[in-house]
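Below: the structure, in structure tokens.
The values are calculated or read from the model by the stated rules, or taken from the named source; none is laboratory data. This is a predicted model, so every value here is computed, not measured. All Cβ positions, even for glycine, are placed from backbone atoms using ideal geometry, and neighbour counts span all protein chains on display. For the accessible areas, the whole protein counts, side chains as well, though only heavy atoms, and no ligand, DNA or RNA atoms are used. Shrake-Rupley method; radii C 1.70, N 1.55, O 1.52, S 1.80 Å.
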Amino acid sequence: MRQTWRWFGANDPISLENIRQAGSQGIVSALHGYAPGKVWPKAAILQHKQQIEAAGLTWDVCESIWMSDEIKLKGAAAVEEVAAWKETLQNLGEAGVKTVCYNFMPVVDWTRTDLNHKLDGQGIALRFDMVDFVAYDVFILQRDKAAQDYDVGIVALAEQRLQGKTADEIASLEKNIVAGLPGGAESHGSGEFAKRVARFDDVSNDDMRNNLVSFLEAVIPTAEQQGISLAIHPDDPPFPLFGLPRIVSTENDLDFLFDAVSSPANGLTFCVGSFGSRADNDLVNMAGKYADRIHFTHLRNVSRDDDGSFYEAEHLNGDLDMIGIVQALLKAEKNEARSNEIFMRPDHGHLLAFEEGSTVNPGYSYLGRLKGMAELRGVVKAVEHLAA
Ligand code: DNO
């Protein structure tokens, strides 16, 4: 398992030198300056790569090549956008970046309601609070039929909760949900958001699955020719938001995906925090079952509540059996159907000590990830030692 770390490029307050000191071997990165649908020129890719290599690291994974909703909707501009996506893929392959993450979540990329969840003595974590989310969807966004998507009990709680919120709290809830978090494809203003959601009104999960298959059929030949492993990132969180289709949340979704497109280039980003936000996903089992499909893993723990809320816990201390997961991934790496290493990165980290109040990207602190990486590295070493 190769240890990597996400770097947002020249604007990331955490430098490549910092990352190297954290003991990382490789980098997960993207050209963040290009909007979805724009081709990343090969020269720009090579320059990014050289910058990474000059710091003594390697660019192991591209996370992500984004796409706008056109491809997910198979809309009017989809053909053009897929062509641009393929060209970027080809340019990455020619530059030697052979693992490429992407996602197929409509309208919203990863979503949290609270970026400032205080933990008892452990710093600040990201949290998804179901009651706040329902409050936003039903009473602030006032999406048509939103109330029908939830239990009456939680809608009543949400209404009550909202009454106790100040205008500033409501504004920050809205911003957290619709403005987008770092590494997401797009940022929305509140006015246009409802319209974007409404574009998916008539799109079912089956339609979206078909659109994903069409997309893969178009791009897989380029991936195969370049020796690239595509690695789809699961829905985060792994359940419907705003009534939108969600098609990469469960084992059933993955079984469909790998049956429909059997090429080994059709692979997975095993984001354990995302899948693990549902209690019915058995992560240890999934790591074994998809051993030949997992090219990249995000290691992060969660602490769940019964209503669907969760917060990002310490890497070794949440509801997920992180040691069992790492053990299963190390075994998966030896699967005879594969020859490549799995790239892992410590996903997210708490905001700790003197980094509080600094400009680090939410979830992407230095100290919190350093702590997570160190703990995970210890697990990897211990598991390997015991297996030797
Ligand atoms: C969040 C990340 C996501 C991820 C994209 C992949 O921290 O896991 O932003 O990069 O969803 O396309």
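If you take the residues in segment 152-211 that are hydroxyl-bearing (Ser, Thr, Tyr) and away from the ligand (no atom under 16 Å from the Cβ), which one is nearest to TRP7 (Cα to Cα)?
At the first step, the residues of segment 152-211 found to be hydroxyl-bearing (Ser, Thr, Tyr) are 166, 172, 187, 190, 204.
Cutting the leftovers down to away from the ligand (no atom under 16 Å from the Cβ) gives us 166, 172, 190, 204.
On the way: THR166: 35, SER172: 26, SER190: 29, SER204: 35 Å.
For segment 152-211, the residue satisfying everything is SER172.
If you scan segment 53-78, which residues turn out to be in contact with a Lys or Arg (Cβ under 6 Å, 6 or more places away or on another chain) and within 16 Å of the ligand (Cβ to nearest atom)?
TRP59
Go over the candidates ILE220, ILE228, ILE247 one by one and state the one that is more than 22 Å from THR113 (Cα to Cα) and surrounded by 22 or more Cβ atoms within 10 Å (Cβ to Cβ).
Exactly one of ILE220, ILE228, ILE247 is more than 22 Å from THR113 (Cα to Cα) and surrounded by 22 or more Cβ atoms within 10 Å (Cβ to Cβ), namely ILE228.
Anything in segment 184-206 that is surrounded by fewer than 12 Cβ atoms within 10 Å (Cβ to Cβ) and not hydroxyl-bearing (Ser, Thr, Tyr)? List them, or say none.
GLY189, GLY191, GLU192, LYS195, ASP201, ASP202, ASP206, listed by residue number.
Condition (residue is within 16 Å of the ligand (Cβ to nearest atom) and either among the aliphatic types (A, V, I, L, M) or open to solvent by 50 Å² or more (accessible area, probe 1.4 Å) (or both)) applied to segment 356-375: is it met by at least one residue?
yes
Go through LEU89, LEU115 for me and flag whichever is open to solvent by 40 Å² or more (accessible area, probe 1.4 Å) and in contact (Cβ under 8 Å) with a residue 40 or more places away in the chain.
LEU115
Yes/no per residue for (1) within 26 Å of VAL302 (Cα to Cα); (2) modelled with pLDDT under 90; (3) in contact with a strand residue (DSSP E or B) (Cβ under 6 Å, 6 or more places away or on another chain); (4) surrounded by 18 or more Cβ atoms within 10 Å (Cβ to Cβ):
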| position | (1), (2), (3), (4) |
| --- | --- |
| PHE104 | yes, no, no, yes |
| VAL108 | yes, no, no, yes |
| ASP132 | yes, no, no, yes |
| ASP137 | yes, no, no, yes |
| ALA158 | yes, no, no, yes |
| THR166 | no, no, no, no |
| GLU169 | yes, no, no, no |
| PRO182 | yes, yes, no, no |
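Please verify whether segment 138-155 includes one or more residues that are on the phi > 0 side of the Ramachandran plot, more than 16 Å from the chain's Cα centre (by Cα) and not in a loop (DSSP other than H, G, I, E, B).
No, segment 138-155 has no match at all.
Do you know which of the residues in segment 348-379 that are more than 18 Å from the chain's Cα centre (by Cα) and among the aromatic types (Phe, Trp, Tyr) is farthest from GLY273 (Cα to Cα)?
PHE354
Conditions first: (1) surrounded by fewer than 17 Cβ atoms within 10 Å (Cβ to Cβ); (2) polar (S, T, N, Q); (3) in contact with a Leu (Cβ under 8 Å, 6 or more places away or on another chain). GLN142 passes all but one, so which condition is the exception?
Going through (1) surrounded by fewer than 17 Cβ atoms within 10 Å (Cβ to Cβ); (2) polar (S, T, N, Q); (3) in contact with a Leu (Cβ under 8 Å, 6 or more places away or on another chain) one by one, GLN142 breaks only (3).
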